[in-house]
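Report on the structure given below.
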Amino acid sequence: MVDRVAAALSLADRVRPVSLANERVLDVSGPLASLLPGGVLPRGITVGVSGVATSLALALTASVAKGDSWVAVVGMGALGLAAAEESGLALERLLLVDSVPAGQWASVVAALVEAVQVVLVAPPVAAVPAGQARRMAARMREQGAVLIQVAWPERTWPQRPELSLQARPLAWSGIGAGHGHLRARQVEIVVSGRHGADRPRTARFWLPDEHGRLAPVEPEAAVTSLSPFPGRPRPLSPSRAPAMLPPAPS
């Protein structure tokens, strides 16, 4: 049996950059840039995502992961890879750790934050112990990575994240009088917290739009104006498959 912590450390060594970036922020591209203070995410912070949590977390991650950046996802076994790819993530640079025993979770995350810019986490326990949270926050600041807490505060952390994004669902488009297909959803995203977000910022977006991505809602847009999704999701080619750790021993 391959120990999951050792496997995570091995993967971290393989993708670790030669040196840390000197910049203390990650530039945000796309529609979310207008909502985040300065259009950036400070390195070393924790971000809590709630509401339409998984979709928003993927959109946020895709907006900061560029070029040869690697992204790690921990504890989200139900993550849809087609949805992740549609959001703009490069699957060949995605590390998936779908299931981690509660006792090893913190060690796996700590290994990954040394190697990647962004780590999406869904803890396997109802409440993260305060000591683990403090050590993880210190490691994040030291390494300059961003930790995105998916489904916060449903999965309780002892400390509030430094930045909070909440996606409130408003309406789906595509359903007529008893017929049709769900094509796109309007949400209201609220950003609050520290680092220039002391006053909440709010804007409306499509999440997803007809192409499966985040897009701004024009003031005059109607929820019935979108065209259907083009075709079915295509299968993933082996070259674009994400790196995955072996299953946990039973």
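A compact table of results
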item: Convex hull (Cα only) mean projected area of region 68-133, reported in nm² to one decimal; result: 4.7
item: Ordering of 49-58, 102-111 by burial proxy (mean other Cβ atoms within 10 Å per residue, highest first); result: 49-58, 102-111
item: Ordering of 116-123, 74-81 by burial proxy (mean other Cβ atoms within 10 Å per residue, highest first); result: 116-123, 74-81
item: Hz values of 3J(HN,Hα) by residue in region 158-163 - Karplus curve (6.51, -1.76, 1.60), Gly and Pro given as x; result: x, 10, 5, x, 6, 9
item: Rounded to the nearest 20 debye, dipole of region 67-173 from Cβ charges on Lys, Arg, Asp, Glu; result: 500
item: Region 19-121: trypsin sites (Lys or Arg not before Pro) in DSSP loop, at most 14 other beta carbons within 10 Å; result: 24, 66
item: Distant-in-sequence amide H partners of residue 114 (H built 1.01 Å from N, under 5 Å); result: none
item: Distance between modelled label sites at residue 141 and residue 24, nm, 7 Å Cα→Cβ extension; result: 1.1
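Since every read-out is calculated from the coordinates, none of them should be taken as a lab result. Bear in mind that the values here come from a model prediction, so they are computed numbers and not experimental data. We place every Cβ from the backbone using ideal geometry, glycine too, and count neighbours over all the protein chains shown.
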